[in-house]
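Asks: Have a look at this one before I ask anything.
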Amino acid sequence: MSLWSRLSNVFRGQRVADEIDEELRAHLEAAVEAGRDPAEARRALGSSLRLREQSLDSKLASWLDSLRADAVFGSRLLWKNRVASGAAILSLALTIGTSTAAFRLIDAILLRPLPVAHPERLHVLTYQFKDQNGKPRAGDSFDYPLFRQLRASIGGGAELFAVSNAGRVDLTYSSDQEMEPAFRQYVSGWTFSAFGLQPSLGRLLTAEDDRTPGAHPVAVLSHDYWNRRMGGDPKVIGRTFRQGNDLYEIVGVGPAGFTGTQPGTITDIFVPTMMNASSIGNANWGWIRVWVQLRPEASPETVRQQLAAGVRQQRLEKVKSWTGTSPKAIDAYVNAEVGLPSAASGASGIEREYRKALLILGALAGLLLLIACANVANLMLAQAAARAQEMALRVSIGAGRARLVQLVLMESALMALAATLLGSLFAWWSAPFVVSLLNPPDNPVRLLLPADWRFLAFEAALTAAVIFLFGLVPALRASGVQPIDAMRGGGDPHGRRLMNGLVLAQVAFCFLIHFVAGLFVTTFDRLSHEPLGFSAERLLALEVVSKGKPPAAVWEELAGRMRSVPGVERVSPSEWALLGGNAWTTGVRRPGQSSWDAVHPYVLSVAPGWLDTMGIPLRQGRDLRSTDNPETTAIVNEAFVKRYFANENPVGRTFERSAGQGKLVQIAITGVAADALYEDPREGLRPTIYMPFELTPGPEGARDRATYMVKTASADPLALAGALRQQVHQAGLGLRVSSIDTQQQIVDDCTTRERLLALLSRFFAAVALLLAGVGLYGVLNYSVVQRRREIGIRMALGAQPAHVAWKVTAEVAAMLVLGSGVGLVAGLGSERYLETLLYAVKATDWMIIATPVATLLVAAVLAALPPLWHAIRVDPARVLRAE
């Protein structure tokens, strides 16, 4: 009989059995018809049961039939114990779903290779530096003149191409009244050919498109944007759109699946780097990543050394014209360590900022899964103890140990499969939900989270791991039963010790999760309550841009228009909003000093009245005036006064500022403002210079954007967004609102990572506590059931309830203490790895340690109450009568 027939017969078992019975009857009838006695014919034929089994073995795939039988038996057992089984499946589903969601995020941002040819040969150039607080950082932004030098000097070991960040821009396909946002990325013309990509429509960018600055305003749409914005229109080739002062022609559509090189951002439009004409020749503006595609025979270390030499040579030339920088800072800049990490999965700020956070969340999800597996393993051990006599009977009639292991593992597999199906649904919802938490309004995180073979392979591997994690030990315990001991009855001390060991692991994992969650929650709490130095209430930030460079009167008229809107109290333009991610620093020194300070103060251009609009008090002197010279007048903050003037009154005094190209400017201080956060709340209060906001620095006007800070009377400042947009549109001359946000939203966006870690770690901690509590309850309840006879005898001999309670809980209490100790040691050891994600908190803070201890203690008491109640209410007479 063919293998396929034997496999198919497994699922038509009753029909096959009927056919065998019919065949046996036919043989008997034939013997009777031949004149043989029916009884003699049956004896000659042999045992019908043995013949049926032999026939079934020849017609069925016996291994598959045994699996089918075990699956049927296991499903019946699960239904019989449906409450406990349902709880186990739900706990597994929650943790499997959490682990799967974590994998989807980690895969999308850190692991998934770019859909290009030979992604393993892709690298990106980086450099190491220390920020103003002395913390090591990695940078990957370089200027275009350096890129040209490196590409010319690298030789045949690698191909280099420049790729910018995918930035949000405003563009229009018809008129300025129909502006819409899109994510644009500058790329070298040969990037697509180096990636081995083919167009879905039209053509891709070529090296000819990227030779002359501003000469080839052509664009390639991503396949995703083409479908989403154009509806997949094949007539899109040749259409034009305007972005800024440039009119671009669409020449092609990229391949499906390729959405750029930045995980976390889906690029909409690709244009040649030469279309950023104003930055091509600027050696002081880093705006591109240098991508390196190694040749098959090239050594990454050799190429890195060549590139490092080129970077150092350019920097040596660059610092010759520097002023305002200390020798120590110059040395660190010139001799910065240059790296060449792999970029097979892309390179982005999201990937760099969230790498460690995602790995930690993945580890916490894994710990949560282990707690759930330990929980279910305890349940299976308890059920194995209850089924000891059944297993002993199976062994007595000839069942082998492997057969019993298969029987118990099948029950585990059914639970794991059901949990995986439910967990997949949870992961399908939760992964996009977590991504939505990372979405600032103007720069949303966009990830592709497909259910492809990577997702399915992880699900399959996770399911198999779960089956063996919680099913193998109970299966081995159940299959190792001794028939004589099982029939004699009594408790299983070895099984109880194993369950206590699993409780210890659960408690240790739970403590560690709570410990880490405490660090993250405290970090977020302290960071979000860090004094800002300004008032974010009722404040809007409108970034207004122009496709031209209008005169100062237009910008001033726009401010007046905004002030006329009902509900607007004050309007003040500035270079950008505080904590918006933008920064400008400069070198300074006091007159008479020969050396420049190592710390460069922040600089922000603001209009008169801006301090009042922001709610920043003026401590000394006066505010800026419209008649002040924008190059030689400034207000400084208290941190500046403390560092450079030793807290002496600086009003009327001067300091020197480096204006670049060897130019030094004397700045007169007109006032001192209170300290306020500038770029990042994590760095604290730093010296800051507020200079006059210059609307027309040149005779023809040179400003094409400004950020208007609008103080409103309404508690909901966004209610005025529509009216303010209308005023900008009515001002004409190509002015338009690029973005509009509340200052509070800008502040909240600074703590997105910390908010995410705090929220998810809280969730993990709550689930871990619930699972650990259920596990403690299960073990204590099992202990009471198994020791019921012992408890009855002790109480008959006069034992007090307190003594009985102690005897029942002593082992579990010891596991609770030991598990907490193990978790505490692990938590203290994790601080070094977590330190870059923490703020103003130490692992040794007593609250961080006390919180998980108190939480676990409360959970343990609540879990112990029902079993203890049953233990002290044991009736000794009934127990002894049962004996």
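The values are calculated or read from the model by the stated rules, or taken from the named source; none is laboratory data. Remember, it's a predicted structure, so these values are computed and weren't measured experimentally. Cβ sites come from the backbone with ideal geometry, for glycine too, and all protein chains shown count toward neighbours. For accessibility, only protein heavy atoms count, side chains too; no ligands or nucleic acids. Shrake-Rupley method; radii C 1.70, N 1.55, O 1.52, S 1.80 Å.
Asks: For residues that are surrounded by fewer than 22 Cβ atoms within 10 Å (Cβ to Cβ) and in contact with a Lys or Arg (Cβ under 9 Å, 6 or more places away or on another chain), tally how many sit in segment 265-279.
Replies: Final tally of qualifying residues: 2.
Asks: Can we say E297 is part of a loop (DSSP other than H, G, I, E, B), surrounded by fewer than 19 Cβ atoms within 10 Å (Cβ to Cβ) and charged (D, E, K, R)?
Replies: When the stated conditions are applied, E297 passes them.
Asks: May I ask you to say which residue of I746, I740 is touching a Lys or Arg at 6+ places or on another chain (Cβ under 8 Å), farther than 30 Å from V376 by Cβ and either outside any loop (DSSP other than H, G, I, E, B) or free of Cβ contacts under 8 Å to residues at least 40 places away in the same chain (or both)? Can you show your working first?
Replies: Numbers: I746 fails: touching a Lys or Arg at 6+ places or on another chain (Cβ under 8 Å).
Being touching a Lys or Arg at 6+ places or on another chain (Cβ under 8 Å), farther than 30 Å from V376 by Cβ and either outside any loop (DSSP other than H, G, I, E, B) or free of Cβ contacts under 8 Å to residues at least 40 places away in the same chain (or both) holds for just one of I746, I740, which is I740.
Asks: Any residue that is of a type in the set (D, E), open to solvent by less than 30 Å² (accessible area, probe 1.4 Å), in a helix (DSSP H, G or I) and within 30 Å of Y354 (Cα to Cα) - is there at least one of those in segment 405-412? Explain how you work it out, then say what you get.
Replies: Let us first name the residues in segment 405-412 that are of a type in the set (D, E), namely 411.
Still in the list and also open to solvent by less than 30 Å² (accessible area, probe 1.4 Å): 411.
With in a helix (DSSP H, G or I) added as a condition, the list becomes 411.
Then keep just the ones that are within 30 Å of Y354 (Cα to Cα); that gives none.
Looking for residues that are of a type in the set (D, E), open to solvent by less than 30 Å² (accessible area, probe 1.4 Å), in a helix (DSSP H, G or I) and within 30 Å of Y354 (Cα to Cα), one finds none in segment 405-412, hence no.
Asks: For segment 271-305, enumerate the residues that are closer than 24 Å to R352 by Cβ, touching a Leu at 6+ places or on another chain (Cβ under 9 Å) and not aliphatic (A, V, I, L, M).
Replies: Within segment 271-305, G286, R289, W291, Q293, P300, E301, R304 qualify.
Asks: Here's something else I'd like to know. Which ones in segment 310-329 are under 18 Å from K130 (Cβ atoms) and open to solvent by 40 Å² or more (accessible area, probe 1.4 Å)?
Replies: Selection gives R312, W322, P327, K328.
Asks: Can you tell me which condition T627 does not meet? The list is (1) assigned to a strand (DSSP E or B); (2) among the polar types (S, T, N, Q); (3) closer than 28 Å to V544 by Cβ, and all the others hold.
Replies: (1)
Asks: More than 34 Å from the chain's Cα centre (by Cα) and in contact (Cβ under 8 Å) with a residue 60 or more places away in the chain, is that true of I250?
Replies: Against the criterion (more than 34 Å from the chain's Cα centre (by Cα) and in contact (Cβ under 8 Å) with a residue 60 or more places away in the chain), I250 does not qualify.
Asks: Output the number of residues of segment 530-564 satisfying the condition of being in contact with a Leu (Cβ under 7 Å, 6 or more places away or on another chain) and in a loop (DSSP other than H, G, I, E, B).
Replies: The number of residues fulfilling the criteria is 5.
Asks: Now, a different point. Could you list all residues from segment 678-699 that are at pLDDT below 85 and either open to solvent by less than 10 Å² (accessible area, probe 1.4 Å) or within 19 Å of V544 (Cα to Cα) (or both)?
Replies: Answer for segment 678-699, where residues must be at pLDDT below 85 and either open to solvent by less than 10 Å² (accessible area, probe 1.4 Å) or within 19 Å of V544 (Cα to Cα) (or both): E694, L695, T696, P697.
Asks: Does Q745 satisfy being polar (S, T, N, Q), open to solvent by 10 Å² or more (accessible area, probe 1.4 Å) and modelled with pLDDT under 85?
Replies: In short, no.
Asks: If you don't mind, there's one more thing I want to ask. Among V672, V728, V651, which is of a type in the set (A, V, I, L, M), open to solvent by less than 10 Å² (accessible area, probe 1.4 Å) and without any contact (Cβ under 8 Å) to a residue 60 or more places away in the chain? Can you show your working first?
Replies: Numbers: V728 fails: without any contact (Cβ under 8 Å) to a residue 60 or more places away in the chain; V651 fails: open to solvent by less than 10 Å² (accessible area, probe 1.4 Å).
Only one candidate qualifies: V672.
Asks: To continue, here is another question. State all residues of segment 720-749 that are over 22 Å from E537 (Cβ atoms) and of a type outside the set (D, E, K, R); if no residue qualifies, say none.
Replies: Q726, Q727, V728, H729, Q730, A731, G732, L733, G734, L735, S738 - these are the residues of segment 720-749 that are over 22 Å from E537 (Cβ atoms) and of a type outside the set (D, E, K, R).
Asks: Can you spot a residue in segment 371-387 that is open to solvent by 30 Å² or more (accessible area, probe 1.4 Å), closer than 17 Å to A84 by Cβ and of a type in the set (D, E, K, R)?
Replies: Checking segment 371-387: at least one residue is open to solvent by 30 Å² or more (accessible area, probe 1.4 Å), closer than 17 Å to A84 by Cβ and of a type in the set (D, E, K, R).
Asks: Of all residues in segment 822-832, count the ones that are open to solvent by 30 Å² or more (accessible area, probe 1.4 Å) and modelled with pLDDT of 90 or more.
Replies: Residues that pass the stated criteria total 6.
Asks: Can I ask one more? Which one of P852, P801, P867 is modelled with pLDDT of 85 or more, in contact with a helix residue (DSSP H, G or I) (Cβ under 7 Å, 6 or more places away or on another chain) and either within 30 Å of H529 (Cβ to Cβ) or open to solvent by 30 Å² or more (accessible area, probe 1.4 Å) (or both)?
Replies: It is P852.
Asks: Let me ask something else. Among the candidates R477, R488, which residue alone is touching a helix residue (DSSP H, G or I) at 6+ places or on another chain (Cβ under 8 Å), at pLDDT below 85, more than 25 Å from R753 (Cβ to Cβ) and open to solvent by 30 Å² or more (accessible area, probe 1.4 Å)?
Replies: R477
Asks: All but one of (1) surrounded by 19 or more Cβ atoms within 10 Å (Cβ to Cβ); (2) on the phi > 0 side of the Ramachandran plot; (3) out of contact with any helix residue (DSSP H, G or I) (no Cβ under 9 Å at 6 or more places or on another chain) hold for D224; which doesn't?
Replies: (2)
Asks: Within segment 245-263, which residues are of a type in the set (G, A, S) and open to solvent by 20 Å² or more (accessible area, probe 1.4 Å)?
Replies: A256, G257
Asks: What residue, of T267, T325, is at negative phi, among the polar types (S, T, N, Q) and modelled with pLDDT of 90 or more?
Replies: Only one candidate qualifies: T267.
Asks: Then there's this: Would you check which residues across segment 345-362 are touching a Lys or Arg at 6+ places or on another chain (Cβ under 8 Å), within 21 Å of S141 (Cβ to Cβ) and in a helix (DSSP H, G or I) and list them?
Replies: Selection gives E353, Y354.
Asks: Which of (1) in contact (Cβ under 8 Å) with a residue 24 or more places away in the chain; (2) more than 22 Å from A541 (Cβ to Cβ); (3) out of contact with any Ser or Thr (no Cβ under 8 Å at 6 or more places or on another chain) does L618 not meet, given it meets every other one?
Replies: Of (1) in contact (Cβ under 8 Å) with a residue 24 or more places away in the chain; (2) more than 22 Å from A541 (Cβ to Cβ); (3) out of contact with any Ser or Thr (no Cβ under 8 Å at 6 or more places or on another chain), only one is false for L618: (2).
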